[in-house]
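Okay, so here's the structure we're looking at.
The values are calculated or read from the model by the stated rules, or taken from the named source; none is laboratory data. Quick caveat: nothing in here was measured; it's all calculated off a predicted structure. Here the Cβ is made from the backbone with ideal geometry for all residues, glycine too, and neighbour counts use every protein chain on show.
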Amino acid sequence: GDSVTQMEGPVTLSEEAFLTINCTYTATGYPSLFWYVQYPGEGLQLLLKATKADDKGSNKGFEATYRKETTSFHLEKGSVQVSDSAVYFCALSDQASGSARQLTFGSGTQLTVLP
Amino acid sequence: EAGVTQFPSHSVIEKGQTVTLRCDPISGHDNLYWYRRVMGKEIKFLLHFVKESKQDESGMPNNRFLAERTGGTYSTLKVQPAELEDSGVYFCASSSFLQGAKGNEKLFFGSGTQLSVL
């Protein structure tokens with residue numbers, strides 16, 4: 001079945017540091033890929049997405065490129081801020097599944113950014 | 001516009017008791033999903049409603065879990081009797097069919113219910 005393997009956390013960085021959170025996936029079809037973020041006390045929010053190979057999703061300074069050859073969707077940000085502290089989840093939606101949004105998530109990565 | 005609302009935000013119960021979680025989706029959203037995150041691990045799909053009908057309940061762990069969505073509005077997820085391994089965060093999400101093809105559907109998540117079974 002489908003699966004998502006995500007970089008183990010927690011990750012602690014200083015403000016303005018470069019961020020990479022690794023994500024690789026296994027899927028039988030042609031999945032769409034997502035990064036969700038959960039800020040403290042809030043629900044999951046879609047951060048960015050890519051629906052086909054070589055697509056780059058971007059939002060709020062975060063980027064991730066859909067790499068089919070390496071089955072990866074790594075999240076990057078050039079300069080993190082304290083406000084980026086949150087839990088980040090990589091996820092996929094396999095178009096071949098019966099449910100349009102039966103998302104398969106990774107285990108989440110807790111990011112803490114120190115001032 | 002109100003977002004997806006979940007009640008309660010936290011629940012602490014003893015093993016063997018019953019707990020009912022509630023989710024109020026965004027008004028007009030036909031799709032409603034339940035997910036849960038156990039022991040800080042990956043978030044796993046539980047089931048999917050389209051209006052009041054269960055479209056996919058392949059993720060429900062066992063028959064101690066019962067989900068309903070009477071009238072196609074809010075949904076409840078009842079755990080009876082609760083076991084220790086049921087502890088975790090239960091998320092609800094909703095979306096509208098009007099958002100277009102599968103690739104463009106956007107899920108809106110609630111902030112979750114933290115369930116602790118002691």
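Quick check: is even one residue across the stretch A:84-92 more than 14 Å from every other protein chain (Cβ to nearest Cβ) and either within 20 Å of residue B:40 (Cβ to Cβ) or touching a residue at least 12 places away in the same chain (Cβ under 8 Å) (or both)? Yes; the residues of the stretch A:84-92 include at least one that is more than 14 Å from every other protein chain (Cβ to nearest Cβ) and either within 20 Å of residue B:40 (Cβ to Cβ) or touching a residue at least 12 places away in the same chain (Cβ under 8 Å) (or both). Residue selection: residue B:43 fails the criterion of being aliphatic (A, V, I, L, M) and either away from chain A (no Cβ under 14 Å) or without any contact (Cβ under 8 Å) to a residue 12 or more places away in the chain (or both). Among the residues that make up the stretch B:77-85, is at least one of them surrounded by 14 or more Cβ atoms within 10 Å (Cβ to Cβ), within 22 Å of residue A:46 (Cα to Cα) and in contact (Cβ under 8 Å) with a residue 12 or more places away in the chain? No, the stretch B:77-85 contains no residue that is surrounded by 14 or more Cβ atoms within 10 Å (Cβ to Cβ), within 22 Å of residue A:46 (Cα to Cα) and in contact (Cβ under 8 Å) with a residue 12 or more places away in the chain. Taken as a whole, the condition of being farther than 13 Å from residue A:104 by Cα, in contact with a Phe, Trp or Tyr (Cβ under 6 Å, 6 or more places away or on another chain), surrounded by 13 or more Cβ atoms within 10 Å (Cβ to Cβ) and aliphatic (A, V, I, L, M) applies to residue A:48.
Picking from residues in the stretch B:46-73 that are farther than 19 Å from residue B:117 by Cα and among the polar types (S, T, N, Q), the one that is nearest to the other protein chains (Cβ to nearest Cβ) is B:55. Scan the stretch B:24-45 and tell me whether some residue there is surrounded by 15 or more Cβ atoms within 10 Å (Cβ to Cβ), farther than 21 Å from residue A:87 by Cα and of a type in the set (A, V, I, L, M). Yes, that holds for at least one residue.
Quick check: is even one residue across the stretch A:24-31 modelled with pLDDT of 90 or more, outside any loop (DSSP other than H, G, I, E, B) and surrounded by 15 or more Cβ atoms within 10 Å (Cβ to Cβ)? Within the stretch A:24-31, one or more residues are modelled with pLDDT of 90 or more, outside any loop (DSSP other than H, G, I, E, B) and surrounded by 15 or more Cβ atoms within 10 Å (Cβ to Cβ).
Pick from the stretch A:60-97 the residues that are among the small types (Gly, Ala, Ser) and under 15 Å from residue A:6 (Cβ atoms): which of them is farthest from the chain's Cα centre (by Cα)? Once the filter is applied, the top-ranked residue is A:86. If we keep just the residues of the stretch B:74-88 that are aliphatic (A, V, I, L, M) and assigned to a strand (DSSP E or B), which is farthest from the other protein chains (Cβ to nearest Cβ)? Filtering first and then ranking leaves B:79.
Yes or no, residue by residue, for (1) at pLDDT below 95; (2) closer than 23 Å to residue A:107 by Cβ; (3) of a type in the set (Asp, Glu):
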{"residue": "B:59", "(1), (2), (3)": "yes, yes, no"}
{"residue": "B:75", "(1), (2), (3)": "no, no, no"}
{"residue": "B:82", "(1), (2), (3)": "no, no, no"}
{"residue": "B:108", "(1), (2), (3)": "yes, yes, no"}
{"residue": "B:117", "(1), (2), (3)": "no, yes, no"}
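Report whether or not residue A:37 is part of a loop (DSSP other than H, G, I, E, B) and buried (at least 20 other Cβ atoms within 10 Å of the Cβ). It is false that residue A:37 is part of a loop (DSSP other than H, G, I, E, B) and buried (at least 20 other Cβ atoms within 10 Å of the Cβ). If you go through the stretch A:1-16 and keep only what is surrounded by 14 or more Cβ atoms within 10 Å (Cβ to Cβ) and more than 14 Å from chain B (Cβ to nearest Cβ), you end up with A:11, A:13.
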